[in-house]
Amino acid sequence: MKRILITGGAGFLGSNLCDLLIAKGYYVICMDNLITGSPDNIAHLIGHKNFSFIQHDVTNYIYVEGKLDYILHFASPASPIDYMEFPIQTLKVGSLGTHKALGLAKIKKAVFLLASTSEVYGDPLIHPQKENYWGNVNPIGPRGVYDEAKRFAEALAFAYHRYHDVDIRIVRIFNTFGPHMRLNDGRVVPNFIYQTLTGKPITIFGDGTQTRSFCYVSDLIDGIYKLMLSKETEPVNIGNPAEMTILEFAKLIKKLTQSKSKIDFKPLPVDDPRIRQPDITKANKLLKWKPKVSLEDGLIKTIQWFKKNRKIK
Ligand code: UDP
């Protein structure tokens with residue numbers, strides 16, 4: 001039986017990966033310090049014979065007994081609100097945490113998969129973003145703690161690949177939504193769903209002309225799994241290219257929740273990227289992957305899940 005370590009395994013993406021990999025017949029070791037992850041996300045797996053949980057901060061030495069075939073490094077605060085609340089931890093987990101996880105991959109001879117991000121492209125000057133674009137990041141802005149940590153993590157993974165022959169994969173994840181997101185993580189999807197379902201004003205930052213491209217979580221996880229099994233060591237974008245403005249997105253959520261919420265315009269956060277859309281040609285060619293769930297279908301499922309699991313009236 002193949003054994004996998006998932007750091008950040010109690011987070012939004014980590015816990016969705018735990019579910020998929022258990023269903024595929026792997027033994028899953030989930031590691032999380034629970035600063036932004038939640039035990040609720042993995043509660044249903046506790047006691048499963050192919051699952052174990054270790055509460056640990058991966059910026060410290062990682063000890064795992066037995067063989068490991070894969071290490072999926074997903075530990076990090078990932079929403080702008082979270083990484084601004086935990087700026088030092090964000091930098092530490094991307095640097096020291098990635099170093100520890102790579103050291104473990106080296107001794108275990110495990111494949112190492114890094115959860116990287118579209119944030120490595122910063123406020124992009126190229127559109128849509130292809131993997132060969134080097135990005136436009138402000139290192140000292142409030143988002144720099146996340147963007148630079150992930151850029152450093154990519155560089156470190158590549159150094160371990162070149163100098164220690166560690167087999168690596170790098171996924172650059174674009175905006176994703178779905179079950180297991182925290183209602184209060186500050187990202188646009190939970191915010192708008194909560195606001196529309198409770199009749200509160202929808203907070204649009206800036207004038208709402210900035211764009212994002214949203215991917216449903218099952219598609220994203222499927223893409224990551226295909227990348228994990230591939231031989232590609234260079235970064236691969238995974239996301240849904242269906243781009244829209246935040247204002248259009250607010251209107252869509254309002255329609256789907258049949259809400260009467262008003263729109264409230266708030267100041268645009270510093271360095272908020274103006275545009276973002278993945279070019280997924282590489283994933284499509286290499287992994288035969290493309291998203292299958294439409295934005296509307298994904299949002300309907302997510303709204304249902306939030307109503308049921310986050311107890312919104
Ligand atoms: N946003 C917004 N209202 C909110 C939360 C976010 O208008 O209540 C905007 C935010 O400024 C950004 C976009 O929605 O332009 C996506 O934000 P999110 O925090 O989800 O992630 P990002 O893509 O910026 O990392």
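Condition check ((1) open to solvent by 20 Å² or more (accessible area, probe 1.4 Å); (2) farther than 23 Å from LYS2 by Cβ) across all residues:
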residue	(1), (2)
SER213	no, yes
VAL217	no, no
ILE224	no, no
GLU234	yes, yes
GLY239	no, yes
GLU243	yes, yes
LYS251	yes, yes
PHE265	yes, yes
PRO273	no, yes
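Within the range 127-137, track down each residue that is of a type in the set (Val, Ile, Thr) and exposed (fewer than 15 other Cβ atoms within 10 Å of the Cβ).
The initial filter retains those residues of the range 127-137 that are of a type in the set (Val, Ile, Thr), namely 137.
Once the filter is applied, which keeps residues that are of a type in the set (Val, Ile, Thr) and exposed (fewer than 15 other Cβ atoms within 10 Å of the Cβ), the range 127-137 yields nothing.
Give the residues of the range 46-87 that are part of a loop (DSSP other than H, G, I, E, B) and without any contact (Cβ under 8 Å) to a residue 24 or more places away in the chain, sorted by residue number. Even if it seems obvious, please write down each step before you answer.
So in the range 46-87, the residues part of a loop (DSSP other than H, G, I, E, B) come out as 46-50, 56-69, 74-79, 86.
Listed by number, the residues that qualify are ILE46, GLY47, LYS49, TYR63, GLU65.
Condition first: out of contact with any strand residue (DSSP E or B) (no Cβ under 9 Å at 6 or more places or on another chain) and open to solvent by 30 Å² or more (accessible area, probe 1.4 Å). Now tell me which residues in the range 160-196 satisfy that. Of everything in the range 160-196, those that are out of contact with any strand residue (DSSP E or B) (no Cβ under 9 Å at 6 or more places or on another chain) and open to solvent by 30 Å² or more (accessible area, probe 1.4 Å) turn out to be ARG162, TYR163, HIS164, ASP165, ARG182, LEU183, ASN184, TYR194.
Can you work out which of the residues in the range 149-184 that are in contact with a helix residue (DSSP H, G or I) (Cβ under 7 Å, 6 or more places away or on another chain) and of a type in the set (Ser, Thr, Tyr) is farthest from the ligand (Cβ to nearest atom)? Selected residue: TYR160. Out of the residues in the range 197-209 that are within 11 Å of the ligand (Cβ to nearest atom) and open to solvent by 10 Å² or more (accessible area, probe 1.4 Å), state the one that is farthest from GLU248 (Cα to Cα). Per the criteria, the residue is LYS200.
So which residues in the range 253-263 are touching a strand residue (DSSP E or B) at 6+ places or on another chain (Cβ under 8 Å) and buried (at least 20 other Cβ atoms within 10 Å of the Cβ)? Hit for the range 253-263 is ILE253, nothing else. Selection of first residues in the range 166-195 that are closer than 25 Å to TYR225 by Cα and of second residues that are within 8 Å of the ligand (Cβ to nearest atom) and part of a strand (DSSP E or B), restricted to Cβ pairs under 9 Å at least 6 apart or on distinct chains, gives the following pairs, ordered by first then second residue: PHE174/ARG212; ASN175/ARG212. Per this entry, PRO124 is counted among residues that are open to solvent by less than 30 Å² (accessible area, probe 1.4 Å), farther than 19 Å from MET84 by Cα and within 16 Å of the ligand (Cβ to nearest atom). Taken over the range 138-155, the residue count meeting the criterion of being open to solvent by 30 Å² or more (accessible area, probe 1.4 Å) and out of contact with any Pro (no Cβ under 6 Å at 6 or more places or on another chain) is 7. Just one of (1) within 15 Å of the ligand (Cβ to nearest atom); (2) touching a residue at least 60 places away in the same chain (Cβ under 8 Å); (3) crowded, with 16+ Cβ neighbours inside 10 Å fails for ILE303. It is (1).
The values are calculated or read from the model by the stated rules, or taken from the named source; none is laboratory data. Everything numeric in this text was worked out from a predicted model, so none of it was measured. A quick note on method: Cβ atoms are made from the backbone with ideal geometry, for glycine too, and the neighbour counts reach across all protein chains shown. What goes into the accessible areas is simple: the full protein's heavy atoms, side chains included, and nothing from ligands, DNA or RNA. Shrake-Rupley method; radii C 1.70, N 1.55, O 1.52, S 1.80 Å.
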